[in-house]
Amino acid sequence: MAEAVEFSKSPAEVLRVGSGFSLENVDPASTPGYRGVKADGQGLLVAQDARLKELQEKLFAEGKFGSTKRLLLILQAMDTAGKGGIVSHVVGAMDPQGVQLSAFKAPSDEEKSHDFLWRIEKQVPDVGMVGVFDRSHYEDVLIHRVHAWADADELERRYAAINDFEARLAEQGTTIVKVMLNISQDEQKKRLLARLDDPSKHWKYSRTDLAERAFWPDYMDAYNTAFGKTSTDIAPWHVVPANRKWYARIAVQQLLLDALEGMSLEWPKADFDVAAERALVQAS
């Protein structure tokens, strides 16, 4: 079996939003830090699955014995960018009992009666868990900015509230991985047409996606502003070029691997005499 082609540069470094970042300077079809082709990327995804699952199991096991560590993956993107594919092909390699998936849709009337973070707070991952936000609290500074549903002062309050919220999560033991899947407007058109051409994907199509597409430049501006306001040392943003689905998947997979490996996870030590218990089992 051929050896997997790995990243030459860490996605955590080459995809991280830094000072002066602008989406205009990111090619959605590029593959930063990776020199392989599609087949290589697909092979790497499979090759890393076992390591990802092992690290997740260590996190889960530590959580059963007093650890406060947990991981939160935040996925943001324009429609059709591939969030579902990340959940299926990357997060899907993990043990479901250790994953908490929250897909945030339009808020209910009850949720609207509370502050925007109220519904988010209820979905943060428990200790030992990998949490995934498919869309998140960032919707409340993206679409609200684009459609002027919140004024400038309220948006500033929300950016500050988000930073405070994420800082609090970090203090409680949460490692946060924030990902924006970045596709081009042309690529989105292809994917919308593909949904219409395939009867099995008609259920995924919504006229709302088309309506929001008309605000593409405004969304890019809203994302740039959000990055500048909320990409912090404890919770930096990573912009993943996503025109090539295979690249987006291995990039997010590697971000998760790096995050988990950075937690210094260990298997919990047995609090019983292993030899004595083994003898009892042998004699049973």
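Using a cut-off of 19 Å between alpha-carbon atoms, which aspartates and glutamates can reach K9, once sequence neighbours fewer than 8 places away in the same chain are excluded?
Of all the aspartates and glutamates, those that pass the test against K9 - Cα under 19 Å, at least 8 places apart if same chain - are D27, D40, D258, E261.
With a ≥ b ≥ c the root eigenvalues of the C-alpha gyration tensor of segment 38-89, is it rounded (a/c under 1.5), prolate (a/b larger than b/c) or oblate?
Details: a/c = 4.16, a/b = 1.48, b/c = 2.82.
It comes out oblate by the Cα gyration axes.
Hey, what number do you get for the chain at 222 nm if only DSSP H runs of n ≥ 4 count, each worth -39500 (n - 2.57), divided across all residues, to the nearest 500? Intermediate results must be reported in sequence, preceding the final value.
Details: 12 runs with 135 residues, N = 284.
Calculated from helices alone, the mean residue ellipticity at 222 nm is -14500 deg cm²/dmol.
How far, in degrees from 0 to 90, does helix 152-171 lean away from the longest principal axis of the Cα atoms of the chain, to the nearest 10?
Tilt of helix 152-171: around 10 degrees.
Past 18 Å, Cα to Cα: identify those pairs from K83/K204; K178/K201; K178/K229; K58/K178; K53/K201, in the order given.
On the way: K83/K204 13 Å; K178/K201 28 Å; K178/K229 14 Å; K58/K178 22 Å; K53/K201 30 Å.
Violating the 18 Å limit, Cα to Cα: K178/K201; K58/K178; K53/K201.
Could you tell me which residue out of Y34, S22, S10 lies farthest along the dipole of segment 1-53 toward its positive end? Charges go on the beta carbon: Lys and Arg +1, Asp and Glu -1, centred on the Cα centre.
It is S10.
Write down the accessible area per residue of the chain in Å², having rolled a 1.4 Å probe over the full set of protein chains. Don't jump to the answer; show the numbers that get you there.
On the way: 14650 Å² over 284 residues.
Heavy-atom accessible area per residue stands at 52 Å².
Among G63, G85, G20, which one moves the most in a GNM of the chain with springs linking Cα atoms closer than 10 Å?
Highest fluctuation among the options: G20.
To test your reading of the geometry: what angle, between 0 and 90 degrees and rounded to tens, separates the Cα axis of helix 274-283 from the longest principal axis of the chain?
It works out to around 70 degrees.
What size of dipole, in debye to the nearest 20, comes out for the chain about its Cα centre when the only charges are +1 on Lys and Arg C-beta atoms and -1 on Asp and Glu C-beta atoms? If you can, show how the numbers build up before the last one.
Working: 35 positive and 43 negative charges, 159 e Å.
For this selection, approximately 760 debye.
Once phi is turned into θ = phi - 60°, what whole-Hz ³J(HN,Hα) does the Karplus curve with 6.51, -1.76 and 1.60 give for every residue of segment 10-17, x standing for Gly and Pro?
Listing the rounded values in order: 5, x, 4, 9, 6, 9, 6, 6 Hz.
Out of Q100, G66, V87, whose Cα points farthest toward the positive end of the dipole of segment 59-114 (charges: +1 Lys, Arg; -1 Asp, Glu; placed on Cβ)?
Most positive-ward Cα: G66.
Around K178, with a cut-off of 11 angstrom between Cβ atoms, what is the net charge of the other residues, counting Lys and Arg +1 and Asp and Glu -1? Provide the component values of the computation, followed by the final result.
Numbers: positive: R16; negative: E166.
My count for the surroundings of K178 gives 0.
Out of these labelled values of Cα extents along the principal axes in Å, (1) 55, 40, 40; (2) 71, 49, 41; (3) 64, 40, 33, which was calculated from the coordinates shown here?
Read-out taken from this structure: (2).
May I ask for the net charge around A222, where only other residues with Cβ less than 13 Å from the Cβ of A222 are counted and Lys, Arg are +1 while Asp, Glu are -1? Write out the running numbers ahead of the final one.
Details: positive: R145, R158, K229; negative: E139, D140, E212, D218, D221.
Surrounding charge for A222 is -2.
How much net charge surrounds D27 when only the other residues with a Cβ under 14 Å from the Cβ of D27 are counted, with Lys and Arg +1 and Asp and Glu -1?
Numbers: positive: R244; negative: E24, D186, E187.
Here the count lands on -2.
Rounded if a/c is under 1.5, else prolate if a/b beats b/c, else oblate: with a ≥ b ≥ c from the C-alpha gyration tensor eigenvalues square-rooted, which is segment 138-284?
On the way: a/c = 2.98, a/b = 1.65, b/c = 1.80.
Cα axes put segment 138-284 in the oblate bin.
The values are calculated or read from the model by the stated rules, or taken from the named source; none is laboratory data. As the structure is a prediction and not an experimental result, all values here were calculated from the model. Because the Cβ atoms are built from the backbone with ideal geometry, glycine has one as well, and the counts that use them run over all protein chains shown. The protein model used for the area step is the full one, side chains on, heavy atoms only, and it has no ligands, DNA or RNA in it. Shrake-Rupley method; radii C 1.70, N 1.55, O 1.52, S 1.80 Å.
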